[in-house]
Amino acid sequence: MDDLVVVSMTVNGRAVRRAVSPRQSLADFLRQDLGLTGTHLGCEHGVCGACTIVVDGRIQRGCLSFAAQMEGHTVETIEGATASGRLAALQTAFRERNALQCGFCTPGILLTAAEFLADNPRPIRDAIRTALSGNVCRCTGYHAIVDAVASAAEALS
């Protein structure tokens, strides 16, 4: 059995200090230890984007990060971003444009889109598609998702 490592981080604005296995992924830590199940596990290889989270203000894949690496870092999950209201325009646009189906990919797409729009407030559709290309959705075909992100960009500008 691995020796445990004590790690302190901020998760969704709350200080967290826990003993973790050095090999426990951040996504597993968030889901299993903290009960934040909005971080989904899909491929567990960093390809699908279902485990997208925000670390120190930038998105990254929770399945490719170890919880032990988060010492001193700030982590935000979909639950934290939703509670803060930061995603309100995107959430409204996703609902209005029918941009979600099963919802499995939605948290990762919302976090990815929020970061993209923060850096690109007036994006063209091709740029939206490129920005979301690391998030796999098997239900929608992406057209409605791109519409929703474009609509949110208009609402935010």
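Here, each number is a calculation from the coordinates, and none is a lab measurement. Fair warning: this is a prediction, and the values are worked out from it, not measured in the lab. Cβ placement follows ideal geometry from the backbone for every residue including glycine, while neighbour counts extend to all protein chains displayed.
Roughly how many Å is it from the Cα centre of segment 48-75 to that of segment 82-114, as a whole number?
19 Å
Rounded to the nearest 20 debye, what is the charge dipole size of the chain about its Cα centre when +1 sits on each Lys and Arg Cβ and -1 on each Asp and Glu Cβ? Please report the intermediate quantities before stating the final value.
Working: 14 positive and 15 negative charges, 51 e Å.
So the dipole magnitude of the chain works out to roughly 240 debye.
Kindly provide the helix-only [θ] at 222 nm of the chain, computed as the sum of -39,500 (n - 2.57) over DSSP H runs of four or more divided by all residues, to the nearest 500 deg cm²/dmol? Please list the in-between numbers first.
Working: 5 runs with 51 residues, N = 157.
Mean residue ellipticity at 222 nm (helix-derived): -9500 deg cm²/dmol.
Sorted from largest to smallest, which semi-axis lengths in Å does the alpha carbon gyration tensor of segment 53-101 give for its equivalent ellipsoid, taking the root of 5 times each eigenvalue?
Details: eigenvalues 138, 30, 10 Å².
Over the Cα atoms of segment 53-101, the semi-axes work out to 26, 12, 7 Å.
From zero outward in steps of 5 Å, how is the percent of C-alpha pairs of segment 85-156 spread across the bins?
For segment 85-156, the pair-distance distribution reads 3, 19, 36, 28, 12, 2.
About the Cα centre of segment 5-81, how large is the charge dipole given +1 on each Lys and Arg Cβ and -1 on each Asp and Glu Cβ? Please answer in debye to the nearest 20.
Values: 7 positive and 7 negative charges, 18 e Å.
Taking the Cα centre of segment 5-81 as origin, the dipole is about 80 debye.
Let me check I have the definition right: for segment 23-157, take the eigenvalues of the Cα gyration tensor, multiply each by 5, take square roots. What are those semi-axes in whole Å, largest first? Each step should come with its number before you reach the end.
Numbers: eigenvalues 120, 46, 34 Å².
Each semi-axis is the square root of five times an eigenvalue, giving 25, 15, 13 Å.
Provide, for q = 0.12, 0.15, 0.20, 0.25 Å⁻¹, the log10 of I(q)/I(0) from a solvent-free Debye sum over equal Cα point scatterers in segment 5-81.
-0.26, -0.41, -0.75, -1.23
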